Amino acid sequence: MGLLSIDVLPEHQRSRVRALFRACDADGEGKLDRDEYSRILVPTVGLSSELATAAFKEFDANGSGTLDYFEAVELLQKHASGWLEKGGGPGSG
């Protein structure tokens, strides 16, 4: 992908993204598998199950079956801009 970057987000949005990613990354590997993505990120940002599945496939650029931090940031920028604009912590969705 590479078109969007965490650097273009205001600091409060970067903080929300970092906090959400850490909350989702239960095993601390620095990437989200489908289970981590589905259990926490999807309901937090309010994606439908159909969009969530399509978005995961779209942003898993290297086909690893996981989303790294930058892939997750790009997914959020494209599909969860409403969540990014809201205030509050990672659980406020």
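Looking only at region 13-24, decide whether some residue is of a type in the set (S, T, N, Q), surrounded by 13 or more Cβ atoms within 10 Å (Cβ to Cβ) and under 19 Å from Gly82 (Cα atoms).
yes
Of all residue pairs spaced 6 or more apart or on separate chains, those with beta-carbon atoms under 6 Å, a first member in region 74-85 that is under 13 Å from Thr44 (Cβ atoms) and a second member that is outside any helix (DSSP H, G or I) are Trp83/Gly93. Within region 40-67, being surrounded by fewer than 18 Cβ atoms within 10 Å (Cβ to Cβ) and in contact (Cβ under 8 Å) with a residue 12 or more places away in the chain holds for Pro43, Gly46, Leu51, Glu58, Ala61, Ser64, Gly65.
Quick one: would you say Ala72 is in a helix (DSSP H, G or I), of a type outside the set (S, T, N, Q), farther than 18 Å from Ile6 by Cβ and modelled with pLDDT of 90 or more? Taking the combined requirement at face value, the residue does not satisfy it.
The values are calculated or read from the model by the stated rules, or taken from the named source; none is laboratory data. Just so it is clear, the structure is predicted and the values come from calculations on it, not from any experiment. Positions of Cβ are backbone-derived with ideal geometry, glycine not excepted, and every protein chain shown enters the neighbour counts.
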